[in-house]
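The structure appears right after this line, and notes come after that.
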Amino acid sequence: MLKALTAFVGIALALPIAAADAAPRSTTAQPVYFEHTKGYYELIEIGPGYSIRGQAPEIKWERAEKWAMTRVHKGTRGRLAVVRDAETMEFLRQTFKPPQKTWIGLRYFCRLNRLLWTDGEEHPTTAYRGWMQPWRAPGSCMNGSSMTEYAPVFISAVQEGFRWQAHGESKEFNYLFVEYPTGKQ
């Protein structure tokens, strides 16, 4: 328990401190429950000062993942949202209507040709396909030589079609979906 708490505090301390008016904030008063997954979700907007590029209001996928893990709701730590099916995609689209590209908890590991969720589960290429176009390995990996090289996945904005897309590790966006997988209401 102490080890887990130390890791949690380490993540929180690694994040920059910004002005109160620039702090990341939920777009809803509280996370919204979705019966289908038995979890809560929220759309977080990142404020200026969190980017590695200075005052820009965007963050890379890795930073979004770490930030999501610092969130807690009903005693459950958050994570970037796992969106395994069309029902969850539709819930997120209808409930939150994100105005811009939004991080989710999926990565495409280039050399391994594998999709992996933040909960550690692999997403088979034959499962639900939320891609902007039919599934094929995203051409956004730099060179594919590293076993750890990946292309993070995001959901395009509602007005762009609300579908999965993957791009190189250097992309930054200022929205992320956080999921609290409580398993109960």
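If you go through the stretch 136-158 and pick out every residue that is modelled with pLDDT of 60 or more and crowded, with 16+ Cβ neighbours inside 10 Å, you end up with 11.
Within the stretch 50-63, does at least one residue satisfy the condition of being surrounded by 18 or more Cβ atoms within 10 Å (Cβ to Cβ), modelled with pLDDT of 95 or more and aliphatic (A, V, I, L, M)? The answer is no, given that none of the residues of the stretch 50-63 is surrounded by 18 or more Cβ atoms within 10 Å (Cβ to Cβ), modelled with pLDDT of 95 or more and aliphatic (A, V, I, L, M). Taking the options GLY161, GLY130, GLY183, name whichever one is at pLDDT below 90 and surrounded by 15 or more Cβ atoms within 10 Å (Cβ to Cβ). Of GLY161, GLY130, GLY183, the one residue that is at pLDDT below 90 and surrounded by 15 or more Cβ atoms within 10 Å (Cβ to Cβ) is GLY130. For the stretch 103-122, the count of residues that are free of Cβ contacts under 8 Å to residues at least 40 places away in the same chain, surrounded by 19 or more Cβ atoms within 10 Å (Cβ to Cβ) and not in a loop (DSSP other than H, G, I, E, B) is nonzero. Among residues of the stretch 148-185 being in a loop (DSSP other than H, G, I, E, B) and either in contact with a His (Cβ under 7 Å, 6 or more places away or on another chain) or among the β-branched types (Val, Ile, Thr) (or both), the one that is nearest to HIS36 (Cα to Cα) is THR182.
Considering only residues in the stretch 69-87 that are over 14 Å from the mean Cα position of the chain (by Cα) and of a type in the set (Val, Ile, Thr), the one that is surrounded by the most Cβ atoms within 10 Å (Cβ to Cβ) turns out to be THR76.
The values are calculated or read from the model by the stated rules, or taken from the named source; none is laboratory data. All values derive from a computational prediction rather than experimental measurement. No Cβ is skipped: glycine too gets one built from the backbone with ideal geometry, and neighbour counts run over all protein chains shown.
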